[in-house]
Structure formats: structure tokens, C-alpha cells
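Below you'll find the structure, written out as C-alpha cells, and then a few comments.
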Amino acid sequence: MTVVLESVPETTAAVRRRRPRRRWARWIPYAILAVYALVGGVGPLLIDYNPVYTSLPDRLLPPGSHVSSGATAWFGTDGTGRDVLAQVVYGARTSVLIGLATVVVSCVVGVAIGTVAGYFRGWLDTILARGIDILLAFPAILLTIVIAGAFERSVLVVVVALSATAWISFARVTRGVALTIRERAWVDAARVLGVRPLSILWRHIIPFTAGPVVALATLEFALVVLAEAGLSFLGIGLPTSAVSWGQIIANGKQYLATAWWISAIPGVALSLLIITIGILGDQLTARYGRGHVR
């Protein structure tokens, strides 16, 4: 007698029990980024901080200590008596603002160049494509350091220096999408009907680049924040009047053995932000990547 074993499909209840977990896990990166945005946007309004203020009696206090004014330094103080918590909060605002500004500028420039090169082809595409190849031959961080070091330290210079290389990725992605979309039937029909090329780009090409561009923007945002912290760590990024996580880490490197919290806490905040944006970027790439353009 032969017993036939059939695979029993999962019950509907088991499938439903798994789905909420996946949905909640999917929203974790959004929640963490919302906390960073809230801290960077509202935190400076609630916490007073003077970047040039020094209080030598309160220097190198560990987290949770009380300062001479009676307040509590929840993240401790640095080598000049400045509150590390206030520096982290103001540094979050700086990183978010510079990251958003750089991504917006790079996105506008890269999408414009990429769509024009991919749609018109010919000599224009050749010139733009070769220009991108030439820029890719130089290390991005080296070119950024050269631009940032050649001018006076300011937020505008940092944004320009970071945007000088960040737009290349947007241009390459949108050029590939434009090369694919320009051969579609509705684009050919628009050409036959005499629609202007700029209207075709705006109405029939650029909308299809939105998904890949948004996915790429999240990854570029993480790279920009990390690059800005690197420039500030080297002392060629923001001026001393601005607070950056890179500056805080650099100020605490000489106290790593005795006051680890000065560099460790902003380093953890920076790492958590980069990892969260990377996870979110992977999710968006899987959903809106180039492979999903139909």
C-alpha cells in the first residue's frame, strides 16, 4: 500500500501573520529618517548652542554629568566644555541641509544632461558621454577636495564641490532610460504629430526617469553626507561657525583614550544615518529600479 504525501499549502492565517512583520520592517528606515529630520529641524529651535563658546571648568565631562550652570550634559562635553548633544543636534541639521541641497542640484543637472543626451543621440550624445567618461577618470573625492580647498570655506562651496561629481550618476541613469523610452511607440507617434522635442522630453521621457532617480537619490544622499563629514574632518569643508559631525569627530580624535564619547557619539549617529539610507535605497532600487521600466 502506497501512501501519497501531498504538500499542504500554508493556511491563510499563517500568511497573514507574516505580512504585518514584513510591513513593519519595511517602514523602519522611514521612521529612523523621520527622527533625524525632526531632530535636525526642531532640535536647534529647542537647544541653544554657541560654537565659539568655551567653558574650561566643564571640559571633558562624561555623559550624564552636570555642568557649572546646573544643566545636564547628556552626551558629555568636549575639550573646550561645549555640550556634545547640542553639537550632534546642530550637526544633524547641517548634514541634512547639505545633503538635500547637493542631491537636488545634482539631480536637476544630471537629469537634464542625461535625458538630452539619450534622446537626441548623435554628436551631442557623443560629446556628453565622453565628458562623463573624462570626469569618471578622476577620483570623485579627490576632485571634491581640490574644489573645496581652492575657495574659502563655506556651505555654498561644499555644495558646489559635492555636486561637481554627484550629478554624473544621475546623468548615466537617465541617459539609459531615455535611450530605451525614445524607441517606444508613443514617442514615435508624438514625433509624427509634430510635437516639439522639449515637450516630448518633459511629457514622455522625464516621467519615466522618476523611479530610478528617486532610488538613486537616496543612495547619493548617503554618499554626500559621508563625503561632507570627510571634508569637515580634514578641515577643508565648513567654516568654524558651522557645526558638522565631521568636525566633532575630528575635535575628539585626540581624546579617544580618555573621552571617547566626543568622537564615538557623532560617529554612531553618522553610521546609523548612512546604514538606514542604504537600506532604504536598496528597497527603492528593488521597486523602482531600471528593471521595472516597461
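Between F120 and V104, 0.36 nm times their residue separation minus their Cα-Cα distance comes to what?
Taking F120 through V104 to full extension adds about 3.3 nm, to one decimal.
Summarise the accessible area of the chain (1.4 Å probe, protein heavy atoms) by the percent that is carbon and sulfur.
Exposed carbon and sulfur together represent 68 percent of the surface.
Could you work out the relative contact order of the chain? I mean the mean sequence separation of Cα pairs under 8 Å and 6+ apart, divided by the number of residues, in percent.
Result for the chain is 22 percent.
Can you list the HN-Hα couplings for segment 28-37, worked out from phi with the Karplus curve (6.51, -1.76, 1.60; θ = phi - 60°), rounded to whole Hz and with x for Gly and Pro?
Residue by residue, segment 28-37 yields 4, x, 5, 5, 5, 5, 5, 5, 4, 5 Hz.
Given a 1.4 Å probe, how much area per residue of the chain is accessible, in Å²? Spell out each step's value before the answer.
On the way: 16570 Å² over 294 residues.
Counting only protein heavy atoms, the per-residue value for the chain is 56 Å².
Where a ≥ b ≥ c are the square roots of the eigenvalues of the C-alpha gyration tensor, would you call the chain rounded, which needs a/c under 1.5, or, failing that, prolate if a/b is larger than b/c, or oblate? Kindly include the intermediate steps, with their values, before the conclusion.
Values: a/c = 2.79, a/b = 1.36, b/c = 2.04.
In terms of gyration-tensor shape, oblate.
By how many degrees, between 0 and 90 and to the nearest 10, does the Cα long axis of helix 84-120 differ from the longest principal axis of the chain?
20 degrees
I275 to R130: extension gain in nm, 0.36 nm per residue of separation minus the Cα-Cα distance?
Values: separation 145, 0.36 × 145 = 52.20 nm, distance 3.32 nm.
Gain on extension, I275 to R130, equals 48.9 nm.
Going through segment 91-176, which chymotrypsin sites (Phe, Trp or Tyr not before Pro) have at most 16 other Cβ atoms within 10 Å and a DSSP loop state?
Passing sites in segment 91-176 are F151.
So what's the gap between the Cα centers of segment 263-282 and segment 195-249, to the nearest angstrom?
The two parts, judged by their Cα centres, are 16 Å apart.
Rank T72, T115 by accessible area, highest first, at a 1.4 Å probe radius?
If we order T72, T115 from most to least accessible, we get T72, T115.
Normalising by the residue count of segment 196-260, find the relative contact order in percent from Cα pairs under 8 Å and 6+ residues apart. Provide the component values of the computation, followed by the final result.
Values: 25 pairs, mean separation 12.8, N = 65.
RCO, segment 196-260: 20 percent.
What is the set of long-range amide H partners of S65 at a cut-off below 5 Å, with H atoms built 1.01 Å from backbone N?
A73, G76
Got a sec to turn the phi values of segment 221-233 into Karplus ³J(HN,Hα) couplings, 6.51 cos²θ - 1.76 cosθ + 1.60 with θ = phi - 60°, whole Hz, x for Gly and Pro?
3J(HN,Hα) across segment 221-233, in whole Hz: 4, 5, 5, 5, 4, 5, 5, 5, 5, x, 4, 5, 5.
The values are calculated or read from the model by the stated rules, or taken from the named source; none is laboratory data. Just so you know, these numbers come straight off a predicted model, no measurement behind them. All Cβ positions, even for glycine, are placed from backbone atoms using ideal geometry, and neighbour counts span all protein chains on display. With ligands, DNA and RNA removed, areas are computed over all heavy atoms of the protein, side chains included. Shrake-Rupley method; radii C 1.70, N 1.55, O 1.52, S 1.80 Å.
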